[in-house]
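Since the structure comes first, as structure tokens, the remarks are kept for the end.
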Amino acid sequence: MQKPASPRIRTFIEGFDEKLNGGIPQKNVVLIAGEPGTLKSTIAFYILYHNALHGNIPGVYITLEQGRESILSNMEGLGLEYAKVEKKLSVVDLAMIRKHIEGLGEHTWMDIFKMYADNLKATTDYQLFVIDSLPVLEMLAELKNPRNELFHFFEWLRDLDVTALVITEMRPNSLEYCHFGEDFLADGILHVKMEQVDEVTVQRRIRCVKMRNTNHSTNFYTLMLENGVLQVTRVLSEKT
């Protein structure tokens, strides 16, 4: 008898959830990794937005660099109207704390980040959590023992009892998803990249590198954004 699939969080990316055996397993910590311009933040916001809109699932998007209004303006431009989900989706700009970093007293920046997330959990009981982005968080935290401190950070994320999407930046042409072994700590990795098809055509592509508790495809798929809808299609042969 086939083991039933664990409860899932849909990505709502047309054609992609089928490749993930229905979506992302609940309570997984998933990295969204890619170079600049690969729609990492858009993918994360898109997942939160549609789960709030269609699944009534509360979410929190914490930005550490780009301003809140800038993010919402960008998403509105894609047809993701925040007014439709603002009661279920909180977008929080913690970049402002960077302006007062000297005034933290005995608390570390990581302490402040965790306390803020814990307080939001107590007041909103969010089930989806986005961190944008991990490299900025690591820089602000001034990690002295990155591998050990990040291990405890990922365990703290799991203790939040949420499905976490953590955005991380890849260096151009690099095969490394992260810098301190976070890919081993995560339950899943979604990799997005730009692929040059010919002299003038560049495609965005996405694949699931790993996803615990999931029988998933590891193939790349062409990722398209049209009229506010993300969808994937099979990568066609580049040779004619």
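Where a number appears in this text, it was derived from the coordinates with a stated rule and is not lab data. This structure is a prediction, so every number in the text was calculated from the model and none was measured. Methodologically, a virtual Cβ is constructed for each residue, glycine included, from the backbone with ideal geometry; neighbour enumeration extends over all protein chains shown.
Structure data summary
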quantity: Kirkwood hydrodynamic radius of the chain, Cα pairs, Å; calculated: 18.6 Å
quantity: P(r) tail fraction, the range 156-199 - alpha-carbon pairs more than 16 Å apart, %; calculated: 49 percent
quantity: Principal-axis tilt of helix 109-124 within the chain, Cα atoms, nearest 10 degrees; calculated: 80 degrees
quantity: With Cα atoms, 0 to 90° folded angle of helix 146-159 axis to the chain main axis; calculated: 80 degrees
quantity: Amide H contacts of residue 8 (H built 1.01 Å from N, under 5 Å, at least 5 apart or other chain); calculated: 26
quantity: Stokes-Einstein D (µm²/s) once Rh is taken as the Kirkwood radius of the range 127-173 over alpha-carbon pairs, at 10 °C in 1.306 mPa s; calculated: 136 µm²/s
quantity: Kirkwood Rh in Å, taken over the range 139-240 so that all alpha-carbon pairs contribute; calculated: 16.1 Å
quantity: Options 128, 21, 150, ranked by Cα towards positive dipole end of the chain, top entry (Cβ charges); calculated: 21
quantity: Sites excluded, trypsin sites (Lys or Arg not before Pro) in DSSP loops with at most 14 other C-beta within 10 Å, longest stretch of the chain; calculated: 1-86
quantity: Tilt relative to the chain, helix 40-55 - C-alpha long axis, 0 to 90 degrees, to 10; calculated: 90 degrees
quantity: The range 1-100: Rg to Rh, with Rh as the Kirkwood radius over Cα pairs; calculated: 1.01
quantity: Electrostatic dipole magnitude of the chain [Cβ: Lys, Arg +1; Asp, Glu -1; Cα centre; debye, to 20]; calculated: 740 debye
quantity: Proxy reagent accessibility, fewest Cβ within 10 Å first, across 224, 96; calculated: 96, 224
